[in-house]
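Quick notes on the structure that follows.
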Amino acid sequence: MMNSIPGNPKTVLRSYIKLLRIPHWIKNGLVFLPVAFSGELLNAECLAKSALAFISFCLISSAVYVNNDLKDVDADRSHPTKCQRPLASGAISPSHAKILLAILASTALIAAFVFGGAASDVILASYLALNIAYSFGLKNEPIVDIAILSAGFVLRVLYGGACCNIPISPWLFLTILAFATYFAFGKRHGEQKVYGNSSRKSLENYPSAFLSNGMTVFLTLGLAFYSLWSYERIAPQTSCLTPSATLLVVGVPLVMSICLRYNFIVSQSQSDGDPADVLFSDKWLIALLVCWVITVVVSIYLLG
């Protein structure tokens with residue numbers, strides 16, 4: 001597999017890391033939400049299952065990225081930035097990428113079935129099928145493309161719950177769905193602003209105001225659902241604002257600030273709106289995210 005790439009082993013490794021989109025694995029951290037929010041993160045068995053779920057979803061998501069690059073290789077060669085991707089640039093041959101795709105997908109599906117059972121495998125297979133359909137044409141259909149992008153985030157959370165046999169709170173499900181759709185709208189808005197409508201067929205059908213309004217609507221819904229999820233955790237415990245409850249309340253404006261910072265970056269900078277890329281490019285966004293994680297962890301595990 002390595003002999004298709006000229007250069008030294010470090011160059012080879014960098015090309016494969018770039019093809020797998022390893023920085024985008026941060027999105028797969030969503031599989032930890034069910035076990036984290038259930039208070040079982042310190043349970044060794046649940047933590048191990050969540051870690052395995054994370055690894056298998058990283059494998060399947062990388063398989064999706066490889067498949068997308070194989071399908072779009074010709075279009076990527078004429079794109080201002082995507083032309084630097086390993087397949088478009090010729091750093092990795094399509095035949096070797098196909099072998100890698102088969103290995104990633106089969107390993108992920110087998111692992112999901114072994115440690116998670118049939119339900120986990122169905123979720124993982126659904127994610128793969130949806131993204132293959134996306135790559136082979138649905139990405140060109142307006143609204144459908146956004147729905148598939150947001151479904152990917154929701155399936156990550158459902159997969160984490162299924163692997164650990166933890167039910168998902170309805171308010172948490174709605175929160176993830178709303179924020180996932182918000183970020184999907186943001187990605188399309190950023191792509192349209194930076195690359196123009198010609199960079200993606202579906203963008204030709206999206207007025208800029210529609211994408212901007214979509215972000216506003218789903219941001220509002222996401223914050224409302226997250227607030228209701230926070231209240232759901234507080235209400236059964238006490239009618240008073242305890243330190244644990246206070247931290248959960250503090251988490252609401254932190255989530256609001258994270259989303260507003262994302263909005264600002266997408267609107268004011270040359271960002272294509274990809275949540276992972278935006279996160280790694282902004283120190284304030286990282287700081288806000290770390291603060292939110294700390295408030296949730298302290299509230300649930302130290303004061304809860």
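Tabulated results
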| item | result |
| --- | --- |
| Scan of the range 246-304 for residues that are among the aromatic types (Phe, Trp, Tyr) and open to solvent by 70 Å² or more (accessible area, probe 1.4 Å), ordered by number | PHE264, PHE280, TRP284 |
| Residue in the range 205-222 that is of a type in the set (A, V, I, L, M), touching a Lys or Arg at 6+ places or on another chain (Cβ under 7 Å) and either open to solvent by 20 Å² or more (accessible area, probe 1.4 Å) or touching a residue at least 12 places away in the same chain (Cβ under 8 Å) (or both) present | yes |
| Residue ID - modelled with the highest pLDDT, chosen from residues in the range 1-23 that are of a type in the set (S, T, N, Q) and open to solvent by less than 60 Å² (accessible area, probe 1.4 Å) | SER15 |
| Close pairs (8 angstrom Cβ cut-off, 6 or more residues apart or separate chains): over 21 Å from GLU204 (Cβ atoms) in the range 145-156, open to solvent by less than 20 Å² (accessible area, probe 1.4 Å) and of a type in the set (Val, Ile, Thr) anywhere | ARG156/VAL31 |
| Helices (runs of 4 or more DSSP H) within the range 169-271 that include 3 or more residues at pLDDT below 90, more than 19 Å from the chain's Cα centre (by Cα) and under 24 Å from LYS139 (Cβ atoms) | 170-195 |
| Any pair with Cβ under 7 angstrom, 6 or more apart, that starts in the range 18-35 at a residue that is farther than 10 Å from CYS58 by Cβ and ends at one that is of a type in the set (Val, Ile, Thr) and in a helix (DSSP H, G or I) | LEU19/VAL66; LEU30/VAL157; LEU33/VAL157; PRO34/VAL157 |
| Helices (runs of 4 or more DSSP H) contained entirely in the range 50-140, each with at least 3 residues that are touching a Leu at 6+ places or on another chain (Cβ under 9 Å) and either modelled with pLDDT of 90 or more or surrounded by 16 or more Cβ atoms within 10 Å (Cβ to Cβ) (or both) | 94-135 |
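The values are calculated or read from the model by the stated rules, or taken from the named source; none is laboratory data. Just so we're clear, the structure is a prediction, and the values are computed from it rather than from any experiment. Cβ sites come from the backbone with ideal geometry, for glycine too, and all protein chains shown count toward neighbours. These accessible areas exclude ligands, DNA and RNA; they are computed on the full protein's heavy atoms, side chains included. Shrake-Rupley method; radii C 1.70, N 1.55, O 1.52, S 1.80 Å.
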